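> Pasting a structure below so you can have a look.
The values are calculated or read from the model by the stated rules, or taken from the named source; none is laboratory data. Only a predicted model underlies this, so the values are computations on that prediction, with no experimental measurement involved. Neighbour counts run over all protein chains shown; Cβ positions are idealised from the backbone, glycine included. The accessibility values were calculated without ligands, DNA or RNA, using every heavy atom of the protein model including side chains. Shrake-Rupley method; radii C 1.70, N 1.55, O 1.52, S 1.80 Å.
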Amino acid sequence: MSPLKWVWTSQQKLSITGPLIGPGRDHSNNTASGHFLYVTAPDGELTADWAAFQSPLLEPTNSSHPCKMVMYTHQFGPRSGGLTVLVADHKIYPVWERGGALGDVWVKAEVEIVTDFPFQVSTSPQFIFRILMLTGAYTNYSIPKFPKPPKDPCAEPDQMCNFHPDCAGAEDEAKCGDFSYPEGSSGWTDTSIGNQGWMYENLAGEYLYVAKAPGQQLTEAQTRTPLLGPSGPACTLSFDFAVTGNPDHIGEVSLRVIDSLLGMQPKLWEFSGKTGIGEAEWQNASVTLGARKHRFQLAFEARAVKLCPCAKIKVKNVRFLSCYADYFPSSPTGLSCNFENDLCGWYQDNSDNFDWTMLSGMDHTIGIGKSLVVDMWSPSLRGLFGRLVSFPQLPSSTDQCLSFFYKLYGPNTGALNVKLLDKHGYETVLWTRSGAHGNMWHETHCTVPQQPTGFRLMFEAVRSGFDGQVAIDDVAFVARPCTVPRMCSFEGQRCGYTSSGQAHWLHRSGYSTTIAGPKTDHTLETELGFYMMANTAANILPSGSTAVLTSPVRQGTARTECVHFWYHMGGVNPGSLTVYMKPVKGDRVKIFSDSLNQGDVWRHGNGNISSALVDWQLEFEVVGAGGKDTHVAVDDIFLSAHPCESQGSRCNLERGMCSWSNTQNIKADKLDWELTSQEAERHYSTPTEDHTLESNTLCHFLFLPSSNRTAGSQNAQLLSPHLRLDVCDAFTFSYFITQPIRLWVWRLSEGRLHQLLVVNDLGRPWRRFDINITSTEEYQIVFEGMKGTSGTLALDDIEYTIGVNCAKEVTDPISKSDNRGGMAASVIVVLLLIATLVSLLYYYLRIRPEVQAMTGPSSSSPPTGGGFTNESYEPDLTVSSSDIQTFDSTKG
């Protein structure tokens, strides 16, 4: 016999041994001192499966005078299982059951009993580990035989209802809610606690329907399956439903998932209104359940406006399709996908917080097609992250390549990660981007290292706020190594870079650095971000010794390109950093060098690459100088398709942000400046044209969006590269601003901000400022915008000239970058142009007399002094930082 027993007790008595157990109050008196019958599952396992109490022997009944039993039940907690009422006359059989946890509430139940024999009633709880046992003796009446307890299941509990037959005859799947099994409908158990519940009908066809229930609460009727799953990515629930009757609005019916670990989930499907008038007005629904790693239940919920013969809510033909966890449908393109029709070899992770959605009209493939998007602007978005997971991939003995186009857009977007999941579910970051990257598509290549076991890939969108958008498109996965990526942030991988020399370049993060090395990376500006670092201390890299970081071979081109990177040099005598372009054949060319102790800051460096169609590699060479606790680190190496701008050049933002950058330091700002154009912008209010070309056709500018999706008075900082000291620099920019946004211009030196300008101008046309900056310290220029709930702030045509005497005479035009490769290409181009001009002049002088003789003088010649004019710019407004602090046109 089972040691599990019903106990007559009260909450006062239960609280002595466990203050958190019990229903809290009885139903009769609604007090802690009121009594009830109580049974609970103990912490340890039980050898028997049932526990029960029974009534005295009762007289027979008939259909005109049935016996009605009324009771209130309290079923609470994840192990509550279910409750069954059995009748024992000449045999024992169930007449009522209620499964699952119903919440911390007393629920009314009514059971009608009709039998021609004297009988007893037994009430038995069943727990999730199959506790159910009938006890007691029967007096004054002989029962033919004592009932047998339920037979042991043919499969382990986790294999029951897992969408795969593990027993002979598929007994383990027979009562799981799938109507294709003869007893499949019995898997649905009414768990309603209100005055409407689900009933079963099989006279005129097998279906479930909503009927009056004995409960007193005005809640939805609910029926649940047993625990199901886990399920695979193709899992789909198909069913027919009918909401019929004469009233215009019959009611609502919906479907939701109850996750065994995460609890109640949002509704997957719902219908409101009616499908027709006649009872045969059925409609079919197909709902994607997708991959679910935890066991779960399905629940149909419904609420009829009025219960009467004139209104019906019914469900039938419930089917589970392709739900086995190890089933993955074939995809003709594998993981390569443009998302025009479906997700190909990818699926939504249902254990995350939100889904990726297909968005039409903003794709990279054809411009008007579809891309996969997480829209942070959506008011229905909840939670922190959304994941897109690949079908399982086979082990690989070589590196493979995942390429795709992505968009990170908005002042408070978050991050996009690519992760690798091994067979145990352990996650490794392969690639990451965060912050604003402009309203444009970017191409990237992500190396997937060789894997000895099966694996999956994952795109993960991580939100940081409510104002932005993450998108991917044109994903390709190929079984060969990537070419050198144009951008490498060293997050999770080395991008094919290798180390040589007396000391090694190390793949490090601030979190793993113990003595030497930056405390944060440049990409994420956190201790968790990665970079490549060479320890240049004398005991590691003696004076004069070298450590070289070499890129994979990149295919040569005819055009001049620019390599951008960020570097960090720390300690006294850290050594020198020199960057070379090394052709496959020939001598290497120096494109950048530096040897100063830079302080605890990341600095921008660049150099021109002119390979003349010869394949080449990058080499970052560090030479030791005998320092102590010193280092050199590099991060965020980016190859631009355009030549480098000189440090004092003008940035019109038509080819990107030049050397300006958003900070990812959350202590400095909360938002980012965005690069966009009026034509591309569909969400925010922007100037109708840019300042450079005064056109709205693909002309770009930087702007700080304002909306009510982020809190007011949040700031965004835009930083220049580090500028040289002991000179007077000329600085010019154009701006567009509307109320209530404000703009500050700062000089950042040694971690301190010095105000140069405050702009409260409310004029809409583009305006221009000239500022002369004199500094005895190395500095950066900082634009800081403060957003409101509306309005527009934009920047364009940012220009600074290094080394002037504040009379606009250049005194120090030399940049420390070595751009001999670019200079050589420029000289060749100039010589070709001169030769062309000489040829044209010779040709013109030769035929001019002949033309004059044929045509004679023209009466329509332009007057002397005519020609082209440029009136697109307003007169310059020159402002010295020592003369003005605030500019406000509204104050006259």
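> Taking R0 as 30 Å, what's the FRET efficiency between VAL758 and ASP600 from their Cβ-Cβ distance, rounded to 0.05?
My answer for the efficiency is 0.55.
> Quick check: pseudo-label points 7 Å beyond the Cα along Cα→Cβ at GLN265 and GLU799, how many nm apart are they?
It is 5.8 nm.
> Given points 7 Å out from each Cα along the Cα-Cβ axis, report the ASN539 to VAL614 separation in nanometres with one decimal.
Distance between the two pseudo-spin positions: 4.3 nm.
> Also, I was wondering about something else. Using the heavy atoms of the protein chains and a 1.4 angstrom probe, tell me the accessible area per residue for segment 493-640 in square angstrom.
On a per-residue basis, 40 Å².
> Continuing with the same structure: Suppose R0 equals 51 Å; then what is the FRET efficiency for THR557 and GLU156 from their Cβ-Cβ distance, rounded to the nearest 0.05?
E between THR557 and GLU156, to the nearest 0.05, is 0.25.
> Could you order the peptides 475-481, 201-207 from most to least packed, using the average number of other C-beta atoms within 10 Å per residue?
The densest-packed peptide leads the list: 475-481, 201-207.
> Can I ask one more? For a quick check of understanding: with a 1.4 angstrom probe and all protein chains in place, what accessible area in square angstrom does TRP616 have, to the nearest ten?
10
> Amide H to amide H under 5 Å from PHE592: which residues, 5+ apart in sequence or cross-chain, H placed 1.01 Å off N in plane?
VAL579, ASP818
> Go ahead and run the numbers for FRET between ALA711 and THR526, Cβ-Cβ distance against an R0 of 22 Å, rounding to 0.05.
0.45
> Separate question: Over segment 493-640, what is the mean sequence separation of C-alpha contacts under 8 Å (at least six apart), divided by residue count, expressed as relative contact order in percent?
Here the relative contact order equals 34 percent.
> Let me see the P(r) profile for segment 346-483: every Cα-Cα distance counted, bins of 5 Å, each bin given as a percent of all pairs.
Values per bin, smallest distances first: 2, 10, 20, 23, 20, 14, 8, 3, 0.
> Show the residues, 5+ positions off or on another chain, whose built amide H is closer than 5 Å to the amide H of HIS564.
HN-HN under 5 Å from HIS564: PHE638, LEU639, SER640.
> Please report, in debye to the nearest 20, how large the charge dipole of segment 464-536 is about its Cα centre when each Lys and Arg carries +1 at its beta carbon and each Asp and Glu carries -1 there.
Roughly 420 debye for segment 464-536.
> Going by the alpha-carbon gyration tensor, a ≥ b ≥ c the square roots of its eigenvalues, is segment 574-663 rounded (a/c under 1.5) or, if a/c is not under 1.5, prolate (a/b greater than b/c) versus oblate?
Cα axes put segment 574-663 in the oblate bin.
> Using 0.36 nm times the number of residues separating SER28 and ILE666, minus their current alpha carbon distance, what extension gain do you get?
223.9 nm
> At 1.4 Å probe size, with the rest of the protein present, what percent of the exposed accessible area of segment 346-483 is carbon and sulfur atoms?
56
> Can you work out ³J(HN,Hα) from phi for every residue in segment 213-228, in order, using Karplus 6.51 cos²θ - 1.76 cosθ + 1.60 and θ = phi - 60°, giving whole Hz and x for Gly and Pro?
10, x, x, 10, 8, 8, 10, 5, 6, 9, 10, 10, 8, x, 5, 10
> A further question follows. Pick out, from VAL579, ALA516, GLY556, the residue whose Cα sits farthest towards the positive end of the charge dipole of segment 507-583, with +1 on the Cβ of Lys and Arg and -1 on the Cβ of Asp and Glu.
The residue sitting most towards the positive pole is GLY556.
> So, one more: Can you send over the carbon and sulfur percentage of the accessible area for segment 171-321, probe radius 1.4 Å, protein chains only?
51
> Length gain on complete extension for the stretch ASP166 to SER64, per 0.36 nm per residue less the alpha carbon to alpha carbon distance?
Gain in length upon complete extension: 32.1 nm.
> Moving on to the next point. Taking H as built 1.01 Å from N, whose amide H comes closer than 5 Å to the amide H of LEU227, not counting residues under 5 places away?
Those lying under 5 Å, H to H, from LEU227: there are none.
> Let me ask you something else. Based on the mean of other beta carbon atoms within 10 Å per residue, what is the order of 599-609, 59-69, most packed first?
Top of the packing list down: 599-609, 59-69.
> By per-residue mean of other Cβ atoms within 10 Å, what is the highest-first order of 500-512, 228-240, 535-547, 257-269?
Put in order of decreasing packing, that is 228-240, 535-547, 500-512, 257-269.
> Still on this structure: Note down the nm distance, to one decimal, between modelled labels 7 Å out along Cα→Cβ at ASP355 and at LEU203.
According to this spin-label approximation, the distance is 4.0 nm.
> As a test of reading the structure, rank SER286, SER707 by solvent-accessible area (1.4 Å probe, protein chains only), most first.
Largest accessible area first, the residues go SER286, SER707.
> Which of LEU457, ILE472, ALA537 sits closest to the plus end of the dipole of segment 448-560, meaning its Cα is farthest towards the positive end, when Lys and Arg get +1 and Asp and Glu get -1 on the C-beta?
Of the candidates, ALA537 comes out farthest on the positive side.
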